[in-house]
Amino acid sequence: MQKGFDYTGVTVVYFCHDGKGNVVFSKRNENCRDEHGAWDIGGGGVEFGDSKDKLSKFYVK
């Protein structure tokens with residue numbers, strides 16, 4: 001199966017803050033698809049069978 005043809009791709013996005021106005025951003029590296037060096041909130045792709053617990057541990061490390 002091919003994402004975008006056989007099924008719709010799904011992405012998870014997270015926004016981390018401490019309730020005091022401080023926000024966590026990550027800097028996109030040279031290996032990312034686009035916007036190299038840009039600051040961004042976190043996120044990534046979701047695959048079949050991924051759980052919210054697995055994804056949160058993977059993307060927030």
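Annotations for the structure displayed:
- Qualifying residues in the stretch 11-27 (those that are in contact (Cβ under 8 Å) with a residue 12 or more places away in the chain and assigned to a loop (DSSP other than H, G, I, E, B)) - the one surrounded by the fewest Cβ atoms within 10 Å (Cβ to Cβ): Phe15
- Of the residues making up the stretch 28-48, those that are assigned to a strand (DSSP E or B) and either within 14 Å of Val60 (Cβ to Cβ) or of a type in the set (D, E, K, R) (or both) number 4.
- Filter pass, Lys54 being basic (Lys, Arg) and either part of a helix (DSSP H, G or I) or at pLDDT 80 or above (or both): yes
One line per residue, one yes/no per condition, for (1) closer than 22 Å to Met1 by Cβ; (2) out of contact with any Ser or Thr (no Cβ under 9 Å at 6 or more places or on another chain):
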position	(1), (2)
Val12	yes, no
Val23	no, yes
Asn29	no, yes
Arg33	yes, yes
Gly37	no, yes
Ile41	no, no
Phe48	yes, yes
Leu55	yes, yes
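- As for the stretch 11-29, it holds at least one residue that is touching a Lys or Arg at 6+ places or on another chain (Cβ under 9 Å), at pLDDT below 85 and not polar (S, T, N, Q).
The values are calculated or read from the model by the stated rules, or taken from the named source; none is laboratory data. If you're wondering where the values come from, they're calculated on a predicted model, not measured in any experiment. Note: ideal-geometry Cβ built from the backbone for every residue, glycine included; neighbour counts use all protein chains shown.
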